[in-house]
Amino acid sequence: MLTTKQRAALRSQSNSLPDSVIIGKGGLTPTVLGELDTALYHRELIKVSVLKNCDADIRSMAFEAAEKLGAESVQIIGGKFVLYRFSDKEGIEHIEY
C-alpha cells in the first residue's frame, strides 16, 4: 500500500511518461493484461490510455487491472490511468519515491 507522499511522487513522475499500453474497444482482455504485466515488469510505472470507444468504466478498469496484476493504481484522470508495481527484474533502475 502506497502512502500519500509516495503516491504524489509517483504521480509527478508519471506526467512525463508516454502511454505504454492503449486499451481499445475490447476492454481488459487477457492479451491486454499480459501486455500490462510485461510493461510493469520492465518499467515499474506505466501510463495506460483508454480509447473513447471502450464501453467499460475507466475507474473500474483501472482497479480491476491493478487487482489482477498485483499493482497499485496511482492516478485516474480523464481517459488515462497510471499503475505502479515494484519489479524484481535485475539491471533496471528502480523508481525512487
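The values are calculated or read from the model by the stated rules, or taken from the named source; none is laboratory data. Small disclaimer: the values here were computed from a predicted structure and weren't measured. Counting neighbours? That spans all protein chains shown, and the Cβs are built from the backbone with ideal geometry, glycine included.
Worth a mention:
- The set of residues in region 1-37 being among the β-branched types (V, I, T), part of a helix (DSSP H, G or I) and at pLDDT below 95 consists of T4 alone.
- Hits in region 52-97 (condition: of a type outside the set (K, R), loosely packed, with under 14 Cβ neighbours inside 10 Å and in a helix (DSSP H, G or I)): S60, E67
- Residue count for region 42-91, restricted to those that are modelled with pLDDT under 95 and aromatic (F, W, Y): 1.
- Residues of region 30-86 that are farther than 16 Å from M1 by Cα and of a type in the set (S, T, Y): T31, T38, Y41, S49, S60.
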